[in-house]
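First up is the structure itself, then whatever we jot down about it.
The values are calculated or read from the model by the stated rules, or taken from the named source; none is laboratory data. Keep in mind the model is a prediction, meaning the values are calculated, not measured. Cβ coordinates were reconstructed from backbone atoms using ideal geometry, including for glycine residues, and neighbour counts include every protein chain displayed.
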Amino acid sequence: MEPQAPLSPDVLGWTETIANPFPAYRALRAQSPVRYLRLPAGEITGRKEPLYAWALLRHAQVHAAIRDPATFSSDSSAVLQAHRKFTLLEDDPPYHTRLRRLVSKAFSPQRITSLTEWIDGLSTELLDALGTGPVDLMATYASALPIRVIAALMGVPDSDYPLFKRWSEAVISYAGMPAEERALKFEEMMSYLGREVAARRAQSRSDLLSALVEAEVEGHSLSDSEIVMFAATLLIAGNETTTNLIGNMMALLADRPELWQQARENRALVDPIIEESLRYESPVQRFPRVTVRPVRIGEVEIGAGELVDIFFGAANRDPAVFEDPETFRPERPTNHQHLAFGLGNHYCLGAPLARLEARITLNSFLDRFPTLSRGAQPAVRQQAAQVSLGYKTLPLVLG
């Protein structure tokens with residue numbers, strides 16, 4: 001058999017790699033940083049020229065970059081030319097620091113904890129509708145639970161959550177929808193959220209949007225545009241991340257019936273399973289930064305103004321940190337070192353909510369179903385959003 005040709009770095013930009021990026025990570029990690037074709041020119045991307053980026057694939061490189069906003073700026077909107085800036089996600093200190101302090105007051109641990117009973121009830125409602133036998137977990141549960149939680153947090157009608165889902169999928173689908181259509185759906189979302197914020201200005205309610213309107217730190221409050229952009233950030237990041245976490249976790253368990261039985265008998269395994277799912281199949285695989293100044297990484301010089309993709313999914317399978325990283329091991333002692341939710345000033349504000357939804361989900365399924373296995377039809381991974389690892393469809397048999 002002839003030796004396989006070396007893998008081109010450009011494979012990191014292929015739609016096929018979105019569905020299964022791990023062979024590319026293994027092949028290219030030793031070369032990191034590597035330069036690759038991030039987005040081609042054309043109707044889908046809306047670009048007249050192709051866009052190249054540097055990929056950071058090692059845990060140490062990713063860890064260092066996300067803790068150095070003075071070198072690696074989160075504001076990639078001008079380079080990507082895809083949308084307006086997303087509040088918090090694409091902001092840098094000191095503005096990011098002030099904004100996060102304000103938003104954190106409205107997104108407190110107490111507010112998240114207070115949702116436990118309601119989310120548990122929503123999970124029960126969705127499971128009651130499932131029954132037993134073959135189901136598509138993504139359509140019936142994994143997509144529905146997070147988006148309805150976000151809708152409830154914001155205080156918008158439950159009947160509007162399908163709109164939220166369509167907008168969320170459109171905004172992140174760089175490889176699956178023409179740029180003009182994405183832009184149109186983005187504007188629809190912003191108009192909707194703008195009307196909701198104006199309604200809270202007129203009359204406060206006991207919801208997150210009202211809390212954001214009323215939030216104040218040292219005499220500073222949020223503008224309407226800041227609230228709308230944060231609400232859009234929460235809608236997209238909070239929904240997509242948790243949907244993919246639930247889908248990836250349940251698929252991993254469907255392939256491991258012994259672990260499913262062990263978890264049914266020992267619920268101390270629930271949190272380790274969630275953390276290993278976050279490491280092993282990180283819902284957010286990559287996120288962009290832009291270099292503010294020249295920087296040397298290993299033997300590579302990267303100039304100022306360059307797009308750099310932080311590959312969390314590759315870092316979380318780096319054998320330098322995680323022994324036998326291609327094996328799913330909930331008892332792994334280095335689990336806590338995964339970077340699935342980022343680190344430092346950009347550590348995911350919604351991480352406690354995502355973990356809560358995953359914990360409630362896993363316990364609810366373990367309570368109800370003695371067995372879990374794959375369905376007869378093959379699961380289909382999404383291949384439209386470069387940032388995400390998740391399923392479009394996930395047929396499972398609930399026994």
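Which one is modelled with the lowest pLDDT, of the residues in region 156-193 that are more than 18 Å from residue 231 (Cα to Cα) and of a type in the set (A, V, I, L, M, F, W, C)?
By that ranking, first place goes to 175.
Are there any pairs with C-beta distances below 7 angstrom linking a residue in region 19-40 that is closer than 21 Å to residue 280 by Cβ to a residue that is hydroxyl-bearing (Ser, Thr, Tyr) and surrounded by fewer than 22 Cβ atoms within 10 Å (Cβ to Cβ), with the two at least 6 apart or on different chains, and if so which?
Taking only residues 6 or more apart or on different chains, the pairs are 24/17.
So which residues in region 309-340 are buried (at least 18 other Cβ atoms within 10 Å of the Cβ) and at pLDDT below 95?
332, 335 - these are the residues of region 309-340 that are buried (at least 18 other Cβ atoms within 10 Å of the Cβ) and at pLDDT below 95.
Considering only region 278-285, I want to know if a residue exists there that is part of a loop (DSSP other than H, G, I, E, B), of a type outside the set (Ser, Thr, Tyr) and farther than 18 Å from residue 393 by Cα.
So far as region 278-285 goes, yes, one or more of its residues are part of a loop (DSSP other than H, G, I, E, B), of a type outside the set (Ser, Thr, Tyr) and farther than 18 Å from residue 393 by Cα.
Is it the case that residue 229 is under 24 Å from residue 88 (Cβ atoms), touching a Phe, Trp or Tyr at 6+ places or on another chain (Cβ under 7 Å) and surrounded by fewer than 23 Cβ atoms within 10 Å (Cβ to Cβ)?
Working: under 24 Å from residue 88 (Cβ atoms): yes; touching a Phe, Trp or Tyr at 6+ places or on another chain (Cβ under 7 Å): yes; surrounded by fewer than 23 Cβ atoms within 10 Å (Cβ to Cβ): no.
Judged against the criteria, residue 229 is not a match.
Listed residues 66, 44, 18; which is at pLDDT below 90 and among the aliphatic types (A, V, I, L, M)? Steps first, please.
Details: 66 fails: at pLDDT below 90; 18 fails: at pLDDT below 90.
Answer to the selection: 44.
Against the definition (modelled with pLDDT of 80 or more, in a loop (DSSP other than H, G, I, E, B) and surrounded by 14 or more Cβ atoms within 10 Å (Cβ to Cβ)), how does residue 135 come out, yes or no?
Numbers: modelled with pLDDT of 80 or more: yes; in a loop (DSSP other than H, G, I, E, B): no; surrounded by 14 or more Cβ atoms within 10 Å (Cβ to Cβ): yes.
No: the conditions fail for residue 135.
Does region 78-95 contain at least one residue that is of a type in the set (Val, Ile, Thr), touching a Phe, Trp or Tyr at 6+ places or on another chain (Cβ under 9 Å), buried (at least 19 other Cβ atoms within 10 Å of the Cβ) and assigned to a helix (DSSP H, G or I)?
no
Tally the residues that are in contact with a Pro (Cβ under 9 Å, 6 or more places away or on another chain) and of a type in the set (D, E, K, R), restricting the search to region 228-267.
Count: 2.
Take region 349-371 and flag every residue that is surrounded by 23 or more Cβ atoms within 10 Å (Cβ to Cβ) and either without any contact (Cβ under 8 Å) to a residue 12 or more places away in the chain or in a strand (DSSP E or B) (or both).
None; the set is empty.
Tell me which helices (runs of 4 or more DSSP H) are completely within region 222-266 and hold 2 or more residues being under 13 Å from residue 354 (Cα atoms) and hydrophobic (A, V, I, L, M, F, W, C), or say none if there are none.
So the answer is 239-254.
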